[in-house]
Structures are given as C-alpha cells and as structure tokens.
Amino acid sequence: MVDYQVLGKNHVRVDALEKVTGHATYASDVYLPEMLMCKLLTSNRSHARIVSIDVSKALELPGVRAVITGKDFPDVFFGSGAVKDRRIMAREEVYYIGEPVAAVAADDEMTASEALELVQVEYQDLDAVVDPLSAIKDGGSLVHPDLPDFEGYGFAMGGNNCTLLDADRGDVDQAFRDAGHIFEDTYHSQAINQGFLEPMACVANMEANNRLTVWASTQGPYQVRAQLASVLDMPIFRIKVIAMELGGGFGAKLRLALEAFPALLAMKTGRPVKLVNTREEAFTLNGPRLATNIHLKTGVTKEGRIIARESFSIFDVGAYLGAGPNSGVGHALGAYNIPNFRLRSYGVYTNKLYVGSYRASGVADMNFAVESHTDAIASKLGMDPLEFRMKNALREGDTTVSGAKLPANGLLQTMDAVKQRLGLPKNLKEGRGVGIAVGEWRSGSGPSTASISVNEDGTVSLLTGSVDISGSDTSLAQIAAESLGIELEQVIVAKRDTDMAPFTGPSGGSRIVFSQGKAVQMAANDTRQKLFALASERLGVPAEALECRGGQVYVQDNPPQAVSLSQLARMSLTSRNGPIIGLAALSSMPYAPVFNTQGAEVLVDRETGQVRVTRFVQAQDVGTAINPMGVEGQLDGGAVQGIGRALSEELIIDPDTGQVCNPSLATYLMPLAVDMPEIETILVEVPSDDGPFGARAVAEPPGFGPPAAIANAIYDAVGVRIKELPLSAERVLAAIQGKDGSKYSIDVEALRKAEAEQR
C-alpha cells in the first residue's frame with residue numbers, strides 16, 4: 001500500500017464553508033442593473049402546425065420590453081445527439097406539449113407572466129405519435145418526415161427510427177443451436193426525471209464590447225457556448241459562459257437548454273435578462289429519460305455457461321434525439337463474458353419531450369433487464385444467483401463488446417465482498433428475500449486540460465475547465481497537493497469561465513476525477529519538473545536527485561539541503577524561463593472498467609404488495625479512493641437514486657397526448673430519508689493502470705443495480721418475477737395475485753426483417 005500524504009484521507013469539501021453559509025453563488029443569485037425577467041410560452045399541442053402567432057397585445061402591456069418567437073432566431077438546426085434535428089424554438093410546427101413557442105422579457109416576473117397570456121397562437125393539429133413500439137412499425141405517422149435530410153442521419157432504418165446502433169460477434173445462430181437452454185424475456189423501464197433540486201437558471205447580458213456573457217446552471221459550459229454560437233449564428237469568440245455553482249444536474253444540464261432565450265432577448269433589448277425555470281418546467285421543458293423496452297434472448301450450456309445473446313432495445317427519444325440509445329449495445333452483455341452476440345438498439349421518435357442524460361444515459365434501463373434476466377436464468381437452472389454470475393463474469397484479458405481487452409479490475413472482489421457482508425446464500429422467512437445485481441461502467445473520458453501556477457507564498461493555483469458537481473474540486477486539489485508534496489489547504493482552486501479556463505469536456509459520465517484528474521496530475525508533474533530545474537541551479541545538484549515534499553524541494557540524500565516553493569516562485573519571476581506554470585492537455589483516456597455489486601434485502605407485504613428495503617449492501621471497485629468520504633457519499637447517493645427508481649419514481653405520461661401528468665415534487669414520488677435503509681458501502685481498491693494515482697470513476701454505477709437487485713429480492717421473498725418498473729405496491733400485489741399486467745412486447749421478427757431490407 002502506497003503511503004500517501006493527502007490521498008486516501010477524508011477531507012471536507014474545499015467549497016463546504018461557502019455552501020453551508022449560503023455564500024455560494026448560483027445562476028439565480030446573479031443580479032445586474034436594469035435586469036429583465038424572462039418567461040416562456042410553451043405548446044399545449046402534441047403535434048401541430050403553427051398557423052400564426054400574434055404578440056401585439058403582449059407588446060402593448062406596460063413593462064414588456066420584447067417578445068421573441070422561433071422566427072426571430074436564425075433558421076438553424078442543431079442537435080443534442082448525433083442528428084441535427086431540432087430548432088431551439090418552434091418555428092413552423094410544434095412536436096411535443098411543452099415545446100417553447102415564444103419568450104417574453106419584462107420588468108418583472110409577474111408582468112412577463114401576464115404577457116404570456118396575451119400571446120395568441122393558432123394551431124392546426126396534426127397526427128401525433130406517442131407509443132414507441134407502434135412508432136417503429138411501418139405505415140404509421142411520421143414525427144419528422146424530413147428525417148433523411150437532417151445532418152447526421154445515416155444509421156437508421158428510416159420512418160420514426162432516428163438511429164440504429166449494432167454490434168455483432170461470433171456465430172450467434174450456431175451458438176443458440178448448441179445451447180442446452182434458451183431464455184427470452186422482455187423488460188420495461190419507466191420514464192424518469194433527474195430530480196435535481198436547483199431549477200435551471202440563466203442570466204445573459206450584452207457587454208459594451210458587443211460580447212455576450214452568460215451565467216448558467218450548467219455541467220458543460222463549453223458545450224453551451226458552442227451550441228449558443230450555432231443557434232444565434234454568432235462566432236464563438238463573442239460568447240463567454242460562466243458556469244455557476246450547481247445544485248444538482250445528474251446529466252440534465254449537460255447541453256444547451258434554455259440559455260438561448262434570455263440571450264436573444266438581451267441582444268434585442270440591450271439589457272441583461274434572467275430566466276429561472278419553475279419546478280413544473282423542470283419536469284416538462286428539459287430532457288428526462290423516457291420509457292425503454294428491451295428484449296433479451298440468451299443461450300446457456302447445460303453446465304451453466306452463457307454462450308450467446310441477442311438483444312433488441314427500443315429507446316423512446318421523444319421529439320428530438322438527445323442522449324441516445326448507445327447503452328443498448330454497449331451494456332447489453334452486462335459484466336459477463338459472452339462470446340457470441342447480436343445487439344441492436346433503436347432510437348425512436350415520438351411526440352413527447354426530448355430525452356436527456358441521467359446517470360449514464362440508458363444504462364440503468366439496460367442493467368435492470370440484464371440483471372433481472374440473469375437472475376431468472378440462474379433460478380431456472382437451479383443455480384445460486386451469485387455463483388452463476390461469478391461463473392460467467394468477465395475476467396482480465398477477456399474481450400468486451402467494443403473489442404477492448406479487459407484490464408485488471410475488482411469485479412470478482414466486489415461480488416465476494418457483498419457475499420461475505422450479506423452472508424450469502426441465506427434462506428429468509430416467507431415474505432423476506434435477498435437479491436443481487438452487478439453493474440458495469442467504464443471510467444469517463446474526453447478532452448481535459450489543467451494549469452498549475454506556483455504563487456510567491458508557496459501556494460499553488462489550480463485552473464481547469466470542469467464544473468464541480470459533487471466535490472470533484474476537492475479531489476482535483478488532492479491530486480495536485482499529493483503530486484507537489486504540499487497540504488490540501490495550499491491549493492487554490494480557481495473559479496473559471498470559458499474565457500479564462502482551457503477547454504474541457506462536460507462534467508458527466510463520471511469523467512472528472514478520472515480524466516480531468518489525470519490532466520491535473522500531468523500538470524503537477526510538469527510543475528515539478530520546472531521546480532526541479534530551477535532548484536537544481538540553486539542547490540547545485542542534478543534535477544533527478546531532487547524530491548518535493550512539505551512545501552520544499554530537497555536533495556533526496558541530504559534533506560536539509562533544500563529550497564522552499566515560495567523561494568523558487570520568487571526566483572522564477574526573474575529567471576530566464578519566467579514564472580512556474582505547469583500545463584497539461586489530453587483528448588481521451590484508456591478504457592478503465594468500473595464494477596459494482598449490490599445486494600438488497602426486502603420485506604414484502606403479501607396483503608398490500610408494499611415493498612420495504614430493509615438492508616442494502618454495495619461494493620465497488622474505485623481503483624484508488626482519492627477522498628474516501630467523498631467517494632462513499634457518491635456511492636450512497638447513487639444507490640438512493642437507484643432505490644427511488646426501483647420503487648416509486650415515475651414520470652407519468654398521458655398515453656394519448658404525451659403530456660407529463662405529474663410535474664411536481666408532490667406527485668413525482670422521490671424517496672425521502674425515512675424511506676431509505678442504511679446503505680452499507682464497501683470500497684474495493686484495485687488501482688487502474690491509467691487513472692490518476694490509480695483512481696477509477698465512481699458516481700455512475702451505484703445507480704444501476706438497485707432496480708434489479710430489489711426485483712430479484714421480491715422474487716426470492718414471494719416467488720413473483722416482475723419485469724416492469726417501478727416495483728410499485730399495485731404492481732407487486734397484482735403479480736402476487738397472479739395477474740400478469742405486462743403489456744409491452746417487441747416484434748423481434750419485424751425488426752429483423754426491416755434491418756434485412758435496409759441492408
């Protein structure tokens with residue numbers, strides 16, 4: 001075990017004092033002189049042609065300064081996914097209930113709201129497509145008849161299928177013929193909202209130099225800047241995005257959402273404009289996850305070895321392709337070594353609000369299907385569920401779906417840790433059960449940059465372009481401190497914007513500590529080399545003889561011979577190479593798997609169907625726990641979100657119109673603290689070869705497994721296997737009473753035929 005000075009120690013977040021004292025500044029806290037308030041008018045139609053929009057009465061209302069519609073924006077299509085299929089505001093047609101059709105800027109919010117009521121919109125209703133299983137069939141109405149003309153179109157079957165992803169390996173048909181057992185199931189996961197507590201907010205202002213400054217609640221300031229430049233038809237250099245403190249995002253705030261509306265209004269009025277979403281708008285404007293249907297077919301030998309899998313996943317993407325169906329291919333094998341597979345994943349347009357990301361787009365949906373299916377197979381084979389998983393688990397050197405070789409990892413250790421903690425196998429009393437689920441993820445990658453400058457007092461300033469969501473700034477500061485041999489308190493994490501900080505990818509996909517942290521480690525190493533070069537001249541020894549610790553650079557064989565960082569910083573100001581600044585940039589990171597095993601114990605009331613999770617245990621391979629307290633917090637939080645997804649959360653959408661029916665925290669049933677068991681979290685540390693100090697991703701995997709673990713525990717408790725989420729009391733009771741309420745099926749043969757015709 002490496003004896004780290006800063007890493008592996010529990011540290012309070014570097015921004016903790018600001019947060020708990022209320023001094024942290026969020027986008028909604030930004031106030032500028034003469035600031036106007038913006039409100040949005042949204043469509044009340046699922047699919048309709050806009051015949052006319054009359055804003056004249058709204059403009060006559062005292063205090064109203066501007067009204068914009070889709071025709072005030074450049075006629076530009078952009079995309080949150082692979083296909084550019086979306087205008088920032090409806091222009092000729094609306095495609096879902098809640099789509100913005102006009103925006104008002106007024107002296108105050110009340111006046112802006114009054115003005116919205118005066119905007120008159122005439123619609124001509126068009127056929128709406130709501131059910132994705134019907135939408136993908138031939139002969140139905142089309143959401144976007146001009147889909148083939150969209151930029152990015154290409155990997156699709158046409159119709160309402162906007163993207164088709166596939167992966168094949170081996171002889172699948174022969175493997176099924178060779179299999180001793182074949183199992184098929186269809187699973188359904190519900191629409192779900194990210195549930196962030198801070199509504200989206202934005203302030204936009206045209207500066208005197210004709211540049212647009214945007215203060216935004218965003219996970220991806222550079223992505224917002226690029227998309228703003230596109231929809232406003234402005235050069236990127238004229239836009240600055242300042243990422244404010246973030247009160248939760250979970251993927252919903254990765255891309256351009258509402259920022260363009262106050263931006264254009266600011267350009268029109270010459271005054272700053274603020275827009276803050278209502279809670280209802282947080283449910284109806286911004287991209288949630290919509291329902292997913294997944295069909296799995298698996299071939300298993302008589303000895304219990306999985307040798308073949310076929311998967312068909314239908315992802316409802318709503319009116320526009322956002323965070324797409326990648327997980328339907330990339331995660332369809334789960335954490336198992338399956339040599340032969342045929343995987344298909346379809347993104348399907350419907351007249352519903354467009355999808356966004358949520359804790360690794362769609363992976364939780366696929367994980368529910370795969371881990372429920374795995375448990376069902378083990379049960380039908382008469383094998384212990386955990387032993388069956390261990391028998392088929394990926395091992396170092398195995399080939400993944402992408403073709404990558406699996407490096408060293410802690411998958412089996414996480415399984416064993418949960419087994420030992422829960423005392424598996426165990427037989428519980430009737431009505432009590434235990435279930436297992438395994439989740440897999442790969443540490444997030446993407447462009448990352450960092451700079452570290454040494455100050456005259458021996459402290460260092462760390463600058464990155466990443467947004468801190470979950471305490472990542474603390475972990476990055478720890479990496480810098482450990483690399484330079486200084487205390488955490490000596491690292492100043494600079495606040496950043498797109499003018500100041502070098503480009504980096506968005507804060508999502510659990511990429512920051514792994515990818516951004518590597519850039520910080522590289523920048524720190526660059527700083528070390530520059531410190532050593534200067535110290536070498538001062539101390540008269542080769543640079544390779546030096547070490548850095550305790551705020552000093554010293555001779556390894558003679559520690560008293562040393563020079564402080566503050567001395568070196570002051571010397572650098574007059575040296576030929578100038579001030580000491582370490583720099584690093586990288587575009588991507590190698591594949592680094594992350595595995596999580598979870599076990600749930602439940603109590604099921606046979607009379608009511610009520611399910612209570614009485615115990616929850618999870619173990620995750622975190623590589624190296626940079627900040628164990630922060631890591632455990634992330635793991636616990638993810639598990640809580642997964643339990644909410646499993647038992648109660650559901651965005652209820654009208655099956656005829658696509659309208660969200662429960663857009664409030666009173667009707668969208670997120671779990672409360674009293675609903676949660678104590679989460680028992682075990683950190684498994686198998687260092688990755690490439691992460692900073694061996695760290696892996698953390699945040700995503702704990703949210704994947706709870707639905708399947710709880711569903712499997714329900715089966716163990718009362719003998720019913722439920723294939724739809726959420727696992728509500730009504731659904732559980734119906735299953736106990738022998739009422740099969742499943743209404744979801746995928747016409748696999750029709751999909752095979754359509755693909756064959758396309759090819």
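Since every read-out is calculated from the coordinates, none of them should be taken as a lab result. Keep in mind the model is a prediction, meaning the values are calculated, not measured. We place every Cβ from the backbone using ideal geometry, glycine too, and count neighbours over all the protein chains shown.
Before moving on, here are some points about what is shown:
- Taking every C-alpha pair closer than 8 Å and separated by at least 6 residues, the mean separation divided by the residue count of the stretch 445-586 gives a relative contact order of 35 percent.
- The chain - charge dipole about Cα centre, Lys and Arg +1 at Cβ, Asp and Glu -1, debye rounded to 20: 900 debye
- Footprinting exposure proxy for 236, 452 (fewest neighbouring C-beta atoms within 10 Å first): 236, 452
- Qualifying trypsin sites (Lys or Arg not before Pro) for the stretch 563-626 [loop in DSSP, other Cβ within 10 Å: at most 11]: 576
- Given their separation in residues at 0.36 nm each and the Cα-Cα distance between them, residue 576 and residue 629 gain 14.7 nm when the chain is fully extended.
- Along the axis of the charge dipole computed for the chain (Cβ charges of +1 for Lys and Arg, -1 for Asp and Glu, origin at the Cα centre), the listed residues 433, 471, 556 are led at the positive end by 556.
- Ranked 307, 710, 580, criterion: other C-beta atoms within 10 Å, fewest first: 307, 580, 710
- The stretch 578-666: C-alpha gyration tensor shape, a/c 1.5 cut-off, then a/b vs b/c: oblate
- Value at 222 nm in deg cm²/dmol, rounded to 500, when DSSP H runs of n ≥ 4 in the chain each add -39,500 (n - 2.57): -8000 deg cm²/dmol
- The charge dipole of the stretch 445-586, taken about the Cα centre with unit charges on the Cβ atoms of Lys, Arg (+1) and Asp, Glu (-1), comes to about 260 debye, rounded to the nearest 20.
- Helix runs (DSSP H) in the chain reaching 20 Å along axis by Cα, Kyte-Doolittle at least -1.0: 363-381, 517-539, 628-647
- Over all other residues within a Cβ to Cβ distance under 15 Å of residue 169, the charged ones net out to -2, with Lys and Arg as +1 and Asp and Glu as -1.
- Restriction of the GluC sites (Glu not before Pro) in the stretch 638-747 to DSSP coil positions whose beta-carbon has at most 16 other beta-carbons within 10 angstrom yields 678.
- Where only C-alpha atoms are counted, convex hull volume of the stretch 445-586 per residue in Å³: 102 Å³
- Summing Cβ point charges (Lys, Arg +1; Asp, Glu -1) relative to the Cα centre of the stretch 475-541 gives a dipole of roughly 160 debye.
- The residues neighbouring residue 215, those whose beta-carbon lies less than 15 Å from its own, together hold a net charge of +1 under the Lys/Arg +1, Asp/Glu -1 convention.
- Here is the list for the stretch 89-157: GluC sites (Glu not before Pro) lying in DSSP coil, each with at most 16 other C-beta atoms within 10 angstrom of its C-beta, are 92.
- Along the axis of the charge dipole computed for the chain (Cβ charges of +1 for Lys and Arg, -1 for Asp and Glu, origin at the Cα centre), the listed residues 248, 331, 191 are led at the positive end by 331.
- The ranking of 213, 504 by Cβ neighbour count inside 10 Å, starting from the fewest, reads 213, 504.
- Long pairs among 297/391; 84/268; 39/71; 84/495; 253/723, criterion Cα-Cα beyond 21 Å: 84/268; 84/495; 253/723
- Shape of the chain, Cα gyration tensor, a/c cut at 1.5: oblate
- When the charge dipole of the chain is built from unit charges on Cβ atoms (+1 for Lys and Arg, -1 for Asp and Glu) and taken about the Cα centre, the candidate among 355, 278, 445 whose Cα reaches farthest toward its positive end is 445.
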